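The values are calculated or read from the model by the stated rules, or taken from the named source; none is laboratory data. Keep in mind it's a predicted model, so treat the numbers as computed, not measured. Reconstructed Cβ throughout: ideal geometry from the backbone, glycine too, with neighbour counts over all protein chains shown.
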Amino acid sequence: MAFTVRDPHQKNICATCGTRYASAKDAADSCPICLDERQYVGDHGQAWLSYEELGKGKSIRFTRLQPGLHELIIVPAFAIGQKAHLVLSESGNILWDCLPYLDEPTIAYIQSLGGLKAITISHPHYYGLMAEWAAVFNCPVYLHEADQEWVQDESEHFRFWDGAEMALWDDIRIVHVAGHFSGSTVLHLPHHGTNGTLLTGDSIYVARDRKHVSFMYSFPNLVPLPQKAIELIRQRVEPLAFDTLHAAFEGQVIATGAKEAVDRSVKRYLRIFQE
Ligand SMILES: [Zn+2]
Ligand SMILES: [Zn+2]
């Protein structure tokens, strides 16, 4: 059966952040995710697109990052421009973070690799078309309860969880670190890479030198986090073994020594706070 989204002609996708809303919008409607001080409204004001409008000329490019891990990027770039990640694992594949687009070649490719057993999303900037992805792959979307107020779409597949971590399978865990959003999470893959891999979304952001990471309340608006938020991230990440780290944007990888890079960066923050 050919793939279609619900209401493909309805203007219900925010042009700036790519979030799909459950109902049609018009110019007078705002996007709470973009109005929030962590985001911004586009230079030409709030704009809403239908799936059909945004999808024109778009595709999804897959790149294999390392064994068992692919990145997915919309080309040409749309909205925030984040990556999603396809995690291949023996007991079931996982989509980490989501995109505001989906098409038949992408569905066929993921199905050829075993489909999806779950979708899990780091925070509200990357919700995209999560309800459509979940319907196509008939799998749950795990979202941290602390961000429930930001969810704009409706789906029988949404599963809200609470607490410091949620175990999936093959020792893979979603870990709540907060900071950027109250419900921000990371995904720990202990058996991917030489000594574990951490997928971080915007919860832990890879610096340009790829030797450090950053923790921010807002990246586009340059709003820092308080010391206690960075200490909580350190506390939650400390028990996790990993050597490789991938954040939300293309090229944001620390291929080796990632654990040390996080430690070094936390120490640098704490030193600055004390000066
Ligand atoms: Zn928006
Ligand atoms: Zn973000």
Can you tell me how many residues in region 73-86 are over 30 Å from Pro190 (Cβ atoms) and either touching a residue at least 40 places away in the same chain (Cβ under 8 Å) or in contact with a His (Cβ under 6 Å, 6 or more places away or on another chain) (or both)?
2
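Conditions tested, residue by residue: (1) within 16 Å of ligand 2 (Cβ to nearest atom); (2) of a type outside the set (Phe, Trp, Tyr); (3) surrounded by fewer than 20 Cβ atoms within 10 Å (Cβ to Cβ).
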| residue | (1), (2), (3) |
| --- | --- |
| Pro76 | no, yes, yes |
| Lys83 | yes, yes, no |
| Ile94 | no, yes, no |
| Gly114 | no, yes, yes |
| Ala134 | no, yes, no |
| Glu145 | no, yes, yes |
If the Cβ limit is 6 Å and pairs must be 6+ apart or interchain, which residue in region 168-197 that is under 17 Å from Phe242 (Cα atoms) and within 15 Å of ligand 2 (Cβ to nearest atom) pairs with which residue that is assigned to a loop (DSSP other than H, G, I, E, B) and among the polar types (S, T, N, Q)?
Val177/Ser184; Val177/Ser203; Thr185/Ser122; Val186/Ser203
Identify, from the list Ser203, Ser182, Ser155, the residue that is touching a strand residue (DSSP E or B) at 6+ places or on another chain (Cβ under 6 Å), assigned to a loop (DSSP other than H, G, I, E, B), at pLDDT 95 or above and of a type in the set (S, T, N, Q).
Ser203
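Residues that are away from ligand 1 (no atom under 16 Å from the Cβ) and touching a strand residue (DSSP E or B) at 6+ places or on another chain (Cβ under 8 Å): does region 37-58 have at least one?
Yes, region 37-58 contains a residue that is away from ligand 1 (no atom under 16 Å from the Cβ) and touching a strand residue (DSSP E or B) at 6+ places or on another chain (Cβ under 8 Å).
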Number of the condition not met by Leu199 [criteria: (1) closer than 19 Å to Arg268 by Cα; (2) surrounded by 22 or more Cβ atoms within 10 Å (Cβ to Cβ); (3) under 15 Å from the mean Cα position of the chain (by Cα)]
(1)
Which of (1) at positive phi; (2) out of contact with any strand residue (DSSP E or B) (no Cβ under 8 Å at 6 or more places or on another chain) does Asp97 not meet, given it meets every other one?
(2)
Given the structure, is Trp161 farther than 17 Å from Leu99 by Cβ, out of contact with any Gly (no Cβ under 7 Å at 6 or more places or on another chain), aromatic (Phe, Trp, Tyr) and surrounded by fewer than 20 Cβ atoms within 10 Å (Cβ to Cβ)?
yes
Can you tell me which residue among Leu129, Leu102, Leu54, Leu35 is over 23 Å from His188 (Cβ atoms) and without any contact (Cβ under 8 Å) to a residue 12 or more places away in the chain?
Leu35
Where the second residue is β-branched (Val, Ile, Thr) and the first is away from ligand 2 (no atom under 16 Å from the Cβ) and lies in region 8-28, which pairs have Cβ atoms under 9 Å and are six or more apart or on separate chains?
Ile13/Thr19; Arg20/Val5; Arg20/Ile13; Tyr21/Ile13; Lys25/Ile13
Matching residues in region 169-183 - criterion: being touching a Lys or Arg at 6+ places or on another chain (Cβ under 8 Å) and more than 20 Å from Ser218 (Cα to Cα)
Trp169, Val175
Going by the structure shown, is His70 within 16 Å of ligand 2 (Cβ to nearest atom), buried (at least 16 other Cβ atoms within 10 Å of the Cβ), in contact (Cβ under 8 Å) with a residue 12 or more places away in the chain and in a strand (DSSP E or B)?
no
Which of the numbered conditions does Asp147 fail, given that it passes all the others? Conditions: (1) more than 15 Å from the chain's Cα centre (by Cα); (2) in contact (Cβ under 8 Å) with a residue 24 or more places away in the chain; (3) part of a helix (DSSP H, G or I).
(1)
